[in-house]
1. Can you give me the number of residues within segment 190-200 that are within 12 Å of the ligand (Cβ to nearest atom) and crowded, with 19+ Cβ neighbours inside 10 Å?
2. Just to verify a result, which residue in segment 150-189, among those that are within 13 Å of the ligand (Cβ to nearest atom), at pLDDT 95 or above and not polar (S, T, N, Q), is surrounded by the fewest Cβ atoms within 10 Å (Cβ to Cβ)?
3. Would you confirm, using the coordinates I've provided, whether R146 is of a type in the set (K, R) and touching a strand residue (DSSP E or B) at 6+ places or on another chain (Cβ under 8 Å)?
4. So which residues in segment 44-66 are among the hydrophobic types (A, V, I, L, M, F, W, C) and either surrounded by fewer than 19 Cβ atoms within 10 Å (Cβ to Cβ) or in contact with a strand residue (DSSP E or B) (Cβ under 8 Å, 6 or more places away or on another chain) (or both), if there are any at all?
5. Under 9 Å between Cβ atoms, at least 6 apart or on separate chains: pull out the pairs that start in segment 6-28 with a residue that is within 21 Å of F211 (Cβ to Cβ) and within 10 Å of the ligand (Cβ to nearest atom) and end on any residue that is among the polar types (S, T, N, Q) and part of a helix (DSSP H, G or I).
6. Within segment 22-49, can you find the residues that are assigned to a loop (DSSP other than H, G, I, E, B) and either aromatic (F, W, Y) or within 17 Å of the chain's Cα centre (by Cα) (or both)?
7. Can you work out which of the residues in segment 125-149 that are surrounded by fewer than 22 Cβ atoms within 10 Å (Cβ to Cβ) and small (G, A, S) is farthest from the chain's Cα centre (by Cα)?
8. For the list (1) over 16 Å from P154 (Cα atoms); (2) within 8 Å of the ligand (Cβ to nearest atom); (3) crowded, with 19+ Cβ neighbours inside 10 Å, I need the number of the one condition that R214 fails.
Amino acid sequence: MATAQAGRDPASVSLLAVSKTFGPEAVIEAAGAGQTAFGENYLQEAIDKQQAVHTVRPDLVLEWHFIGPIQSNKTRPIAENFAWAHAVDREKIARRLSEQRPTNLPALNICLQVNVSGEASKSGVSPEDLPALAQVVATLPNLRLRGLMAIPEPAADFESQRKPFALLRTLQQQLAAIGIITDTLSMGMSTDMAAAIAEGATIVRIGTAIFGKRDYV
Ligand SMILES: *Cc1c(COP(=O)(O)O)cnc(C)c1O
């Protein structure tokens, strides 16, 4: 529906089901409905869930995305157990992920998290520092730079929700102009996905609207 309103092909936007706080049975149920990509924020919870799902349904081929903030002492299990990391915002983290990515796996897909909300947010690389970080990440051997990710400050109306997403799209175009071509804009959650899709999101990260309300964040 949001794609139709934005005049976009539904196939151009993929749905990442954010299963944090929900158990393996929720993942298995969503997989039964055809969902294959799942997003998780908390490392230990995610790894336990992956193992639990695999024990019950070893036949399921799922794609796991780590969407939470990444501490440098957690890079190895992320490099070993996920297909994507969405919240990379520092060179040190990127270098560790590349060094620790097992060589029998394909390159780890990376989105750089950008701080599109200024002082209101402490995570994400600043728009000014983004090109330099992107240039480094693009050269790391076991990573594949796919694009940009943002978590804007909540905004009530559609027009104000659009602005930070439009900024992220512009930043992606600016990277392309210096030769860093990427194909992903990871933006939009349950409350602002229509605005994100209107501004070009290629991955929306949706938790509540799929699984229901969480007991904790
Ligand atoms: C929890 C979370 C989501 C999903 O949020 P909902 O509002 O439940 O759709 C998306 N992205 C990130 C980074 C999250 O932490």
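The values are calculated or read from the model by the stated rules, or taken from the named source; none is laboratory data. Keep in mind that this is a model prediction, so the values were computed, not measured. Here the Cβ positions follow ideal geometry from the backbone for every residue, glycine too, while neighbour counts run over all protein chains shown.
1. 3
2. M189
3. Judged against the criteria, R146 is a match.
4. Matches in segment 44-66: A46, I47, A52, V56, L60, V61, L62, W64, F66.
5. Sorted first by the residue in segment 6-28, then by its partner, the pairs are V18/T208.
6. Hits for segment 22-49 are F22, Q35, T36, N41, Y42.
7. Result: A132.
8. Just one mismatch for R214, condition (3).
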